[in-house]
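Presented below is the structure to which this report refers.
The values are calculated or read from the model by the stated rules, or taken from the named source; none is laboratory data. On a predicted model such as this, the values are computed, not experimentally measured, just so you know. As a convention, Cβ positions derive from the backbone with ideal geometry for all residues, glycine included, and neighbour counts pool all protein chains shown.
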Amino acid sequence: DRNQSVEIGGTMQGYSWTLNGRTWGDHQPIAVRKGERVELTLRNASMMGHPMHLHGHHFQVVAIDGRRFAGAARDTVWL
């Protein structure tokens, strides 16, 4: 139904992670209506790999580095 870009940032000092430049508590939730399909384009701009998951949800990876494919359903992806 729509696409939402999410940039993961952070520092190795203190392991402070951000989504779109915001830390937890200053975050901006992504509102999703029941039945709506939202494609998240995740980009890891930090210096470290990080596992990402959506609490209480499963998702499908549909592309890596812009190459689309039909991926399996999962609950965590390494970025």
(request) Filter the stretch 54-72 for residues that are of a type in the set (G, A, S) and within 19 Å of N3 (Cβ to Cβ) and give the result. (result) A63, G66, A70, G71
(request) Name the single residue, out of those in the stretch 63-79 being more than 15 Å from R43 (Cβ to Cβ) and of a type outside the set (K, R), that is nearest to the chain's Cα centre (by Cα). (result) T76
(request) Check off (1) within 18 Å of G56 (Cβ to Cβ); (2) touching an Asp or Glu at 6+ places or on another chain (Cβ under 6 Å) for L19 and give me the number that stays unchecked. (result) (2)
(message) Take W17 and tell me if it is of a type in the set (F, W, Y), exposed (fewer than 12 other Cβ atoms within 10 Å of the Cβ) and without any contact (Cβ under 8 Å) to a residue 60 or more places away in the chain.
(response) no
(request) Give the residues of the stretch 20-58 that are at positive phi, modelled with pLDDT of 90 or more and surrounded by fewer than 10 Cβ atoms within 10 Å (Cβ to Cβ), sorted by residue number. (result) G25, G35
(request) State the number of residues belonging to the stretch 1-14 that are among the hydrophobic types (A, V, I, L, M, F, W, C), surrounded by 10 or more Cβ atoms within 10 Å (Cβ to Cβ) and more than 17 Å from A31 (Cα to Cα). (result) 1
(message) Within the stretch 67-74, does at least one residue satisfy the condition of being surrounded by 13 or more Cβ atoms within 10 Å (Cβ to Cβ) and at pLDDT below 95?
(response) yes
